[in-house]
1. Placing +1 at every Lys and Arg Cβ and -1 at every Asp and Glu Cβ, with all other atoms neutral, what dipole size does the chain have around its Cα centre, in debye to the nearest 20?
2. Near Lys127, which aspartates and glutamates are there with a Cα under 19 Å away, not counting those fewer than 8 places off in the same chain?
3. On average, how much area does the Cα convex hull of segment 253-401 cover when viewed from any direction, in nm²?
4. Once you've got the GNM for the chain with C-alpha springs shorter than 10 Å, pick whichever of Pro269, Pro87, Pro202 has the biggest mean-square fluctuation.
5. Suppose accessible area is computed on protein heavy atoms with a 1.4 Å probe; arrange Ser199, Ser370 from highest to lowest.
6. Given Ile69, Met90, Leu122, which one lies farthest toward the positive end of the charge dipole of segment 50-149, if we put +1 on the Cβ of every Lys and Arg and -1 on the Cβ of every Asp and Glu?
7. When the accessible area of the chain is computed with all protein chains present and a 1.4 Å probe, what percentage of it is carbon and sulfur?
8. Please work out the Kirkwood hydrodynamic radius for segment 168-307, using every pair of different C-alpha atoms, and report it in angstroms with one decimal place.
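The values are calculated or read from the model by the stated rules, or taken from the named source; none is laboratory data. Because the structure is predicted, anything quoted here is derived from the model rather than measured. FYI the Cβ positions are ideal-geometry reconstructions off the backbone, even for glycines, and counts take in every protein chain you see. Heavy atoms of the whole protein, side chains included, go into the accessibility calculation; ligands, DNA and RNA do not. Shrake-Rupley method; radii C 1.70, N 1.55, O 1.52, S 1.80 Å.
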Amino acid sequence: MFSLKEKFKSKIKALRTKVRMIVKEYGNVKISDVTVTQAYGGIRNVKCIITETSAVDPYKGVRFRGYTIPELRERLPRASGGEEPLPEGMFYLLLTGELPTKKDVEEITKEWRKRSTLPKYLINILKTVPKDTHPMTQFSIAILSLQKDSIFTQKYKIGMNKADYWDPMFEDTMNLLAKLPLIAAYIYRRAYKNNKYISVNPHLDWGGNLAHMLGVKEEEFKELMRLYLVIHCDHEGGNVSAHTTHLVGSALSDAYYALSAGINGLAGPLHGLANQEVLRWIMKLIRDLGETLTQEQLKKYIWDTLNAGQIIPGYGHAVLRQTDPRYLIQREFALKAKNPWPNVDALSGCLLYHYGIKEFDFYTVLFGVSRAIGVLSSLILDRALGLPIERPKSITTESLEELVKKPPKQKF
Ligand SMILES: CC(C)(COP(=O)(O)OP(=O)(O)OC[C@H]1O[C@@H](n2cnc3c(N)ncnc32)[C@H](O)[C@@H]1OP(=O)(O)O)[C@@H](O)C(=O)NCCC(=O)NCCS
């Protein structure tokens, strides 16, 4: 058996036992309260989802299995001659909780390469989609189209023991992750480069290959892609893409259904699409005011945007209350590059633009390729833990009014 799968399998029993013990011993301990504001306000800060892969501290930012981004930049294996961590290593870490060796990572690269072909039917489906369909829609369609090959769904149909659900979920995830860079590159080259496709380079890693297939020649861009795919992969379980993938998967929908749904959430402008909106906003600002604007002009422009009831993309976060460490690491990368657009707010977009990926609408697809690593790792863990179908309780405004006005013991 492929050693990552073996390693994961060896951890399942202990994890299940631990969770069972926690539920048995502490099942009635309260870990969160819900206020009326939270019920109407996006369930902010209500602790009610278990996600093992990463956690976000409002002031320190994200930690992946306990490691900060700078720590992982040091400790995850790199491509030979490279300085940035390989996303393959991140997948290993998120799934197992352990740092991989170089050999572990090479094995994943090899395995993904083996599985990295796109079926003809998928290409035919994508060819029928109008070229000006948003790349995120095309990406979601592509992922969903592959559902017909889901091993989980095939095995489920035949009949499968609950305890084994994680196994075909692992296989579907491996197949899907292997194909995502090809799908992304296909969508990009079809929409913007006159159907001129670039084949997989069998000697490159997953992120390096994505950079290569997009058609950017600079070696530095391969490094950027590796870093980008590492830092966007996960941001605990409550964000829209992670939570959606988890929720849809809880109905035992397979990895294709669940990821496609998560990607649809990522396509929202308050979530992943901000990644394209930032640069669009800055470009408009430059069109409106020119490149040499004063601080006063900028301040007025921002206030005009806010007073018009619009958002400033790239600022604010539902959880973070400090500068996002994912922004800081990209800034560090940008400072190494020769002449990145010197904007501090939208570095992912600026860096992509700098290397010639100028089609903003495509940016969130790259985010989606990365996010798949995190949400699919969690999906495998969900099935390994046997988590049930998710079904929170909803109430009407009328019954809520009744509830808050009556003594607290009132039940529904
Ligand atoms: C991410 C986001 C949706 C979080 O919203 P939130 O959870 O309501 O955040 P907060 O509680 O800190 O917001 C407080 C207020 O400031 C507003 N706000 C937050 N960020 C803002 C922004 N970038 N531009 C304008 N207003 C913003 C909110 O809408 C909210 O207004 P309200 O009190 O009238 O409802 C919000 O910050 C946003 O829209 N940012 C821009 C889009 C973006 O970059 N998204 C990617 C995030 S990784």
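1. For the chain, the charge dipole is close to 880 debye.
2. Cα-Cα hits under 19 Å: Asp361.
3. Here the figure is 13.3 nm², rounded to one decimal.
4. Of Pro269, Pro87, Pro202, the Gaussian network model singles out Pro202 as fluctuating most.
5. Result of the area sort, largest leading: Ser199, Ser370.
6. The residue sitting farthest along the positive end of the dipole is Leu122.
7. Carbon and sulfur together cover 55 percent of it.
8. Working: mean 1/r = 0.0558 Å⁻¹.
Kirkwood hydrodynamic radius for segment 168-307: 17.9 Å.
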